[in-house]
Amino acid sequence: MTDFVVAGPAGPLRGVVRVPGDKSIAHRSLLVAALADGESEVRALPDGDDVARSASAVQRIGARLVDQGPARHPGTRGVVRISGGRSCLHAPDGALDMGNSGTAMRLMCGLVAPWPWSVTLTGDASLRRRPMRRIARPLRMMGAHVDCQGDDCTAPLQIDGGHLDGIDYAPPEASAQVKGAVLLAGLGAEGETVVRERYPTRTHTEDLLAACGARVTVDFDDEGRRCVRVSASKLDPLSIEIPSDPSHGAFWIVAACTVPGSNVTVQNLYVGPARAGFLDVLRRMGADVTVEEKPGTEPIADVTAAYAPLQATDVDAGEVPGLIDEIPILAVAAAHAEGVTRFSGLGELRAKESDRLATVVSMLASFGVDAVASDDVDGLSVTGHGGRHLGAGRVDAHLDHRIAMAAAVAALYSDGPTTIGGWEAVATSYPTFAEDLAGLAR
Ligand code: S3P
């Protein structure tokens, strides 16, 4: 295990940072490009391990990826040209190893299901513990055979695909990964496939499918659920520049909000539907955050945050799908605030890279912060230190990149050095985090 030591208390963070590209958009861009007939172009692909797993998986099923041109930003690849489509795709030879990435695994299951292949997907120890029934269930309803392990239907998974029928599906969990898997399977199914969401999740699958000319529409049903409908489609090639990941930007935004004297601008962040809810929560807490939207078709902004004392707030279940990845870092903001912040509807956190409800609580406890998880409402309450330093200590990242990085931010305003064990997890999503921290803390 690699340790990372943050020497708190740190001085103010100042400057401009460009975080790696958005993982959710990147995984989907690779998959959609593999299905599209012709040559797609993806610029600024993030080069963390999670996205590399999707890149390798689409190569293993026959897509060709060629790097062209130098990277323009640290932590990204330059221009990647991807040739895919019906004429080149084939069954992989051997298992697809999706590493630590739940998104890569779940989306890939949807992609392969309509093909007459037998595909095995596996991953690291953390991914092999994560629930896959959520995608096995709808894919089986569509006609795929899915073999998995034990009651939780964990990986390794074997998908025997082929003819699928469209389904009308209201997932019990608010999950963009489930929606994405079903829609990708629906692209190759007979008849219409519908996914109905009570709480809207990130919209990247449907957005990218629409950009490639798929037959996809969105409407709302009588119960107010957002319905995404897709029918079998041929995809046109994609051309995209991946915007920066809001869940990475959130680390620096919260760091600036909580370390006195800080002022940080995070450039080029994706702030589109179901991704920027953490900014609303921070504003409710009294944060000094300015969002400067950029002209263009994509919702992208430079976001500047400066230190201001924070107040506790409540975050309810309806808000959670729009900020699910930012809960660990919002819990750090809550640890600095005045009063008790209460989150509810966090059940999905238990199915992340770690049981994130438990690991957020233990991470905050390492800093002497009183945080309690309650099973009845899947809630979390955090008693803030009201602007006083946190205690310093030792944190175990539990194979979870977001716990490691949230701990690094918490450690900046604590009263001594903090050691974060298992820092290597950060390489899955944000390998240049430590360099960016050093650049801002100069
Ligand atoms: C993601 C969806 C979310 C999120 C994950 C990425 C995606 O997971 O936590 O980091 O790209 O679809 P769920 O869909 O399981 O909530």
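The values are calculated or read from the model by the stated rules, or taken from the named source; none is laboratory data. Predicted model, so just to flag it, every value in this text is computed and none were measured. Note that we place each Cβ from the backbone using ideal geometry, even for glycine, and neighbour counts take in every protein chain shown.
The table that follows gives values for the structure above.
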read-out: Residue count for the stretch 172-196, restricted to those that are surrounded by fewer than 21 Cβ atoms within 10 Å (Cβ to Cβ) and within 14 Å of the ligand (Cβ to nearest atom); value: 2
read-out: Criterion violated by Asp280 - all others in (1) surrounded by fewer than 19 Cβ atoms within 10 Å (Cβ to Cβ); (2) touching a residue at least 24 places away in the same chain (Cβ under 8 Å); (3) of a type outside the set (Ser, Thr, Tyr); (4) not in a helix (DSSP H, G or I) satisfied; value: (4)
read-out: Among (1) surrounded by 24 or more Cβ atoms within 10 Å (Cβ to Cβ); (2) touching a Ser or Thr at 6+ places or on another chain (Cβ under 7 Å), the one test that Ala410 misses; value: (2)
read-out: Residue match in the stretch 165-185 (condition: farther than 19 Å from Arg350 by Cβ, free of Cβ contacts under 8 Å to residues at least 24 places away in the same chain and not basic (Lys, Arg)); value: no
read-out: Among residues of the stretch 302-331, those that are within 16 Å of the ligand (Cβ to nearest atom) and either free of Cβ contacts under 8 Å to residues at least 60 places away in the same chain or among the β-branched types (Val, Ile, Thr) (or both), counted; value: 7
read-out: Pairs with Cβ under 7 Å, 6+ apart, first in the stretch 196-210 and under 18 Å from Ser239 (Cβ atoms), second near the ligand (Cβ under 10 Å from one of its atoms) and modelled with pLDDT of 95 or more; value: His204/Ser24; His204/Ile25; His204/Arg28; Thr205/Arg28; Thr205/Lys179; Thr205/Gly180; Leu208/Arg28
read-out: Residue within the stretch 135-152 that is crowded, with 16+ Cβ neighbours inside 10 Å, within 15 Å of the ligand (Cβ to nearest atom) and farther than 18 Å from Cys109 by Cβ present; value: no
read-out: Residues satisfying the stated conditions in the stretch 321-372, i.e. in a strand (DSSP E or B) and within 21 Å of the chain's Cα centre (by Cα); value: Phe343
read-out: Filtered residue count, the stretch 21-61, keeping only those that are away from the ligand (no atom under 14 Å from the Cβ) and of a type in the set (Val, Ile, Thr); value: 3
read-out: Search result, residues across the stretch 172-209 that are in a strand (DSSP E or B) and of a type in the set (A, V, I, L, M, F, W, C); value: Val194, Val195
